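Inspection log for the structure reproduced underneath, given as structure tokens.
No value in this document is a laboratory result; all are computed from the given coordinates. Please read these numbers as outputs of a predicted model, since none were measured by experiment. FYI the Cβ positions are ideal-geometry reconstructions off the backbone, even for glycines, and counts take in every protein chain you see.
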């Protein structure tokens, strides 16, 4: 039996772990060849009509019409892939709230997301006329936008003022049909250094297993090893977040 090989088993385990991480990153790189757009939605209640015979009433109106359950909703769309796309049509849709006003921004630029020509044509009202019921229904339930360029890492943000038809928070979702693009909804999450905490924690755990192997191999005193492991556990999300940010930097650098 080769004793030198046994003596270096922890080094082999460490090298295997690093190899596994590199293999995972390569796999993600290949998977990202398929365009991935993700989006999330945040809602916050703005106001609600109140009827009180004793102390008075508060009414919220839109174009003279009474509305209730007013919400401000923020929608963000992110190009997570390594490719840039042109002429991407994005639709914002809802079935349980009325979209009222909107504000759009292409984050990091002075430009905004504009309606498609087809959608704008559907909502055109001739001078002196009033919008039809069909136009009002379309405007309050759907918006279509044309993004001339959707660069890698680009963020598009919408702010919708809307009146929910239900007592609970409204539902607004995006729809993208574009060659080579897959759209995925991602629930809003707390972030650490711009990285979602669940992802930072997961990568931190992976790094922790590698570090544990190093501690077992290098530290002979049990209490010191335990203290090091405990200390890392307290801050595991930090190296996880830094690793993700480093990966993003390398991905963008290699991707041009």
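Exposure proxy ranking for 209, 37, based on other Cβ atoms within 10 angstrom of each Cβ and starting from the fewest, stands as 209, 37. As a proxy for reagent exposure, 141, 110 were ordered by neighbouring Cβ count within 10 angstrom, fewest first; the result is 110, 141. Taking 35 Å as R0, compute the FRET efficiency from the Cβ-Cβ separation of residue 45 and residue 136 and round it to 0.05. After rounding, the FRET efficiency stands at 0.90.
With neighbour counts taken as other beta-carbon atoms within 10 Å, the residues 223, 62 rank, fewest first, as 223, 62. In terms of the Cα gyration tensor, with a ≥ b ≥ c the square roots of its eigenvalues, is the range 104-168 rounded because a/c is under 1.5, prolate because a/b exceeds b/c, or oblate? Cα axes put the range 104-168 in the oblate bin. Length gained on full extension, residue 184 to residue 227, computed as 0.36 nm times the residue gap minus the Cα-Cα distance: 11.4 nm. Peptide packing for 127-135, 160-168 was compared via the average number of neighbouring C-beta atoms within 10 Å per residue; ordered from the highest value, the list is 160-168, 127-135.
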